[in-house]
Structure formats: structure tokens, C-alpha cells
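Following: one structure in C-alpha cells, then a few remarks.
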Amino acid sequence: MLMSVRRMAPLSMIFLLMIHGVSSGDWGVSYSPSHICALKDSTVIVRCTYKYPTGYEIKKAFWTKGPADDVNPPDLSDDPEYSQRLQYLGDKQQNCTVRLSHVTQKDSHMYYFRFITNITEGRWIGKPGVTLTVTDLQVETPERVTEGDSVNLTCNSSCALTDRATFIWYRNSQKILTESKYSNKLSLNPVRREDLGRYSCAVDGHTHISPAVYLSVMYSPQYTFVGVSPSGVIVEGDSVTLSCSSDSNPPAEISWIKGGTIVGSGRIYNISKISSDDSGEYKCKSINEHGEKYSDALTLNVKSIGCLVILYISIGVVCGAAVIITMVLIWVSKRMKKRNDTLKSQMSQSRNDYSRREYSDDELSEPVYENA
């Protein structure tokens with residue numbers, strides 16, 4: 001877009017045009033684009049060209065920010081807030097491109113390119129200038145959603161980003177994949193309980209990340225079950241604690257049921273000095289505005305002390321008899337082994353005696369010869 005070039009002193013400009021025979025069409029500044037929406041902490045490049053009549057010499061070229069009618073507008077390269085971030089990429093011919101890095105929302109202004117020629121009254125500024133708006137990112141989400149709903153999260157900016165943006169989404173600081181990378185919307189259809197968490201968004205290639213926003217997904221109770229402490233045999237007089245666990249949002253109200261009768265409420269149900277009357281099946285019921293869920297039944301079988309003594313005596317008798325029988329079997333086994341060893345020894349001795357007798361008989365039966 002070609003911007004008109006206007007001098008700060010109109011009467012002197014008319015005088016120059018009359019003396020030198022130049023027209024306003026010989027002067028010009030062009031910004032591309034003329035409106036820029038940039039993301040916080042990004043780098044902005046303003047492409048710019050300018051022209052002036054042949055024979056003129058550029059003595060100084062610089063960028064400034066309003067007001068445009070200031071007689072001596074400041075050079076931003078001399079401003080401490082810009083000197084380390086502003087880089088003039090142009091020349092003293094036709095190019096006036098500039099780069100501004102690490103932009104913040106304080107940098108949102110209208111900026112102008114100004115050049116000074118070798119003519120004393122030749123001070124020119126291109127206006128209107130280029131408008132820079134710096135924005136951050138904000139995640140917009142419904143306050144409350146219910147499991148199964150269709151939910152859209154939006155990554156908003158205060159202006160439409162000039163450069164085509166590739167949006168990135170995070171849940172609990174972990175990057176998640178989306179179907180359309182160029183869309184600033186994240187669709188959860190249907191939304192599930194696993195989708196709850198803190199969501200933030202960013203633009204690919206930029207360091208700025210939006211503040212995280214919590215998405216709360218409401219759902220009915222699930223995974224309801226009962227635990228008991230202590231485990232094992234329960235005897236009259238013991239103290240027993242039943243606990244109910246349930247996953248729900250919002251948290252469920254808990255009630256305890258024994259044989260169809262409500263006997264308590266809350267996640268913990270304590271029975272101090274339990275008796276045989278407390279034996280039976282226990283369930284817990286969890287309920288919120290989205291539904292309810294019953295646990296499986298847990299059976300408590302309370303033993304009386306007398307029965308327990310008889311049980312222990314019976315176990316002792318059985319164990320004692322087993323020990324006696326085992327000892328008897330070991331004794332019998334040893335006796336049998338000893339007897340077998342004795343018989344084997346006797347048989348071996350008998351065979352040796354028989355062998356010696358045969359040898360003696362053979363010696364007696366040999367003929368005896370005398371010398372004739």
C-alpha cells in the first residue's frame with residue numbers, strides 16, 4: 001500500500017516544490033502489511049520501500065513512533081527500550097525494512113519511517129504508518145461440562161494473527177494431537193472423564209504459551225467397592241472399619257446398607273465392639289447429580305469367643321493326632337529297616353559258612369599217593 005509522504009513544515013514543502021519543480025508523486029513510502037498482529041515474545045519484520053526524486057541524497061533514515069506531526073520525532077534505535085531489539089535491515093536507497101524482536105504488549109503502536117535528504121527543508125515521513133498490535137493467547141472453555149457432551153476449547157488472541165499460525169494444544173503440560181493444526185479450536189466430541197485437566201495452547205515456532213485453564217468434566221460414580229480392616233477372622237469385641245471407594249465428579253455422597261437397611265453414611269463406617277448381631281452383607285451406595293452406583297456385597301462373619309475356643313481346640317487335637325501318627329510311622333519305618341538289615345546280615349553269614357564247608361570237603365576227597 002503506497003502511503004503519501006508529507007513534510008513536517010507545509011510552507012517550506014510548497015516552496016521546495018516550486019523551486020525544484022518536483023511533485024508529491026515523486027515521494028512515497030510503502031508498508032507491507034500496513035497492519036500487523038503479532039504474538040507476544042515473537043519477532044516482527046515490517047517490509048518497507050521508499051522513493052524520492054532523482055538527484056536527492058539520503059542523509060539519515062530511521063524508524064519512529066508517533067505522534068507523526070512531531071517536528072523532531074525520536075529515532076527508535078536511540079531509545080533504550082528498542083535499541084537492543086530493533087534492527088534496520090534497509091539502506092539509504094529504497095529499502096526501509098525493519099525487524100523488531102521480543103515484542104511485548106507495550107510495543108503496540110503506530111510506527112513511521114522517516115528519512116532526511118541533503119536539502120535543509122527535506123524532512124519526510126511516511127504516514128499513516130504501520131500499526132503493530134501485540135497479543136497474548138488465552139484458552140476459552142465452558143465452565144462445566146458433562147461426560148458425553150460435545151465440547152470446543154478455543155485459543156483466543158486479541159487480534160487475528162498476521163502470519164498463518166499452526167496451533168499446538170497441551171493437557172497437563174503434555175502435547176496432544178489435533179485433527180486440524182490450523183484451527184484455533186480443540187474439539188472433544190464426546191468429552192470423556194479422562195479429558196479433564198489443565199489446557200493451554202501455543203503457536204508452532206513461538207515460545208509463548210497461554211496460561212493453563214482447568215476443564216472440569218462431570219460424571220456419575222464408577223468403580224465403587226468396599227474394603228474392610230482388619231482382614232481375616234473377626235471375633236466378637238473387635239473394632240472393624242469399612243471403607244467405600246468411588247470415582248465420581250462431583251464427589252459422591254456415600255451411604256451404607258445392611259440387608260436392605262441404611263445403617264450409616266460417609267466414606268468410613270466404624271463398628272466398635274462388634275457382635276454376632278453385626279454379621280451380614282454390607283454394601284455402600286455412592287450417588288451424585290449424574291447417577292448412582294452400588295458396590296458388591298461384603299459379608300462379615302463374626303465369630304463368638306466360645307466357638308473360637310472350640311475351633312482352636314479342634315485344630316489342636318487334629319494337629320496333635322497328626323504329629324503322633326507321624327512319629328509312629330517314623331518309628332515303625334526305622335524298626336522295619338533295622339530288621340531288614342539284620343536278616344541281610346544273617347543271610348550273608350550263612351553263605352560264607354557254606355562256602356567254607358565246601359572248600360574243606362574238596363580237600364578231604366583228594367587221593368593220597370605214597371612212594372613205592
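Taking Gln87 and the conditions (1) part of a loop (DSSP other than H, G, I, E, B); (2) open to solvent by 50 Å² or more (accessible area, probe 1.4 Å); (3) free of Cβ contacts under 8 Å to residues at least 40 places away in the same chain, which numbered condition does it fall short on, given that it satisfies the others?
Only one criterion is unmet by Gln87, namely (1).
Please note which strands (runs of 3 or more DSSP E) are completely contained in the range 163-207 and include at least 2 residues that are more than 17 Å from Gln138 (Cα to Cα) and out of contact with any Pro (no Cβ under 9 Å at 6 or more places or on another chain).
Per the criteria, 174-176.
Identify, please: which residue in the range 104-123 is of a type in the set (Val, Ile, Thr) and touching a strand residue (DSSP E or B) at 6+ places or on another chain (Cβ under 8 Å) and is, among those, most open to solvent (accessible area, probe 1.4 Å)?
So, considering only residues that are of a type in the set (Val, Ile, Thr) and touching a strand residue (DSSP E or B) at 6+ places or on another chain (Cβ under 8 Å), the one most open to solvent (accessible area, probe 1.4 Å) is Thr104.
Looking for something exposed (fewer than 15 other Cβ atoms within 10 Å of the Cβ), within 29 Å of Ala252 (Cα to Cα) and basic (Lys, Arg) - is there at least one such residue anywhere in the range 197-220?
yes
Looking only at the range 156-181, count how many residues are among the hydrophobic types (A, V, I, L, M, F, W, C) and over 23 Å from Arg193 (Cβ atoms).
Looking only at that region, the number is 6.
Of the residues that sit in the range 288-301 and are part of a strand (DSSP E or B) and either out of contact with any Lys or Arg (no Cβ under 8 Å at 6 or more places or on another chain) or among the charged types (D, E, K, R) (or both), which one is farthest from Leu242 (Cα to Cα)?
Of the residues in the range 288-301, the ones part of a strand (DSSP E or B) are 288, 291-294, 298-300.
From what is left, the residues that are either out of contact with any Lys or Arg (no Cβ under 8 Å at 6 or more places or on another chain) or among the charged types (D, E, K, R) (or both) are 288, 291-293, 299-300.
Numbers: Asn288: 21, Gly291: 23, Glu292: 19, Lys293: 17, Thr299: 11, Leu300: 10 Å.
Ranking the candidates gives Gly291 first.
Just need a number here: residues in the range 90-123 that are outside any strand (DSSP E or B) and farther than 20 Å from Tyr52 by Cα.
Residues flagged as outside any strand (DSSP E or B) and farther than 20 Å from Tyr52 by Cα within the range 90-123 amount to 8.
Check every one of the strands (runs of 3 or more DSSP E) wholly within the range 223-273 and list those with 3 or more residues that are in contact with a Phe, Trp or Tyr (Cβ under 8 Å, 6 or more places away or on another chain).
Counting at least 3 such residues, we get 240-249, 253-258, 261-265.
Which of the residues belonging to the range 92-103 are modelled with pLDDT of 95 or more and surrounded by fewer than 17 Cβ atoms within 10 Å (Cβ to Cβ)?
Asn95, Arg99, Ser101, His102 - these are the residues of the range 92-103 that are modelled with pLDDT of 95 or more and surrounded by fewer than 17 Cβ atoms within 10 Å (Cβ to Cβ).
Please enumerate the residues belonging to the range 34-69 that are open to solvent by 60 Å² or more (accessible area, probe 1.4 Å), among the charged types (D, E, K, R) and at negative phi.
If we filter the range 34-69 for residues that are open to solvent by 60 Å² or more (accessible area, probe 1.4 Å), which is where we start, we get 35, 40-41, 43, 45, 47, 49, 51, 54-55, 57, 59-60, 67, 69.
Among the residues that remain, those that are also among the charged types (D, E, K, R) are: 40-41, 47, 51, 57, 59-60, 69.
Correct list: Lys40, Arg47, Lys51, Glu57, Lys59, Lys60, Asp69.
Can you find a residue that is over 30 Å from Asp247 (Cβ atoms), open to solvent by 70 Å² or more (accessible area, probe 1.4 Å), touching a residue at least 24 places away in the same chain (Cβ under 8 Å) and not aliphatic (A, V, I, L, M) anywhere in the range 138-161?
yes
Considering only residues of the range 124-137 that are within 30 Å of Ile209 (Cα to Cα) and assigned to a strand (DSSP E or B), which is most open to solvent (accessible area, probe 1.4 Å)?
Thr133
The values are calculated or read from the model by the stated rules, or taken from the named source; none is laboratory data. This one's a predicted model, so the numbers in the text were calculated from it and none came from an experiment. Reconstructed Cβ throughout: ideal geometry from the backbone, glycine too, with neighbour counts over all protein chains shown. Side chains are part of the model used for accessible areas, which takes the heavy atoms of the whole protein and leaves out ligands, DNA and RNA. Shrake-Rupley method; radii C 1.70, N 1.55, O 1.52, S 1.80 Å.
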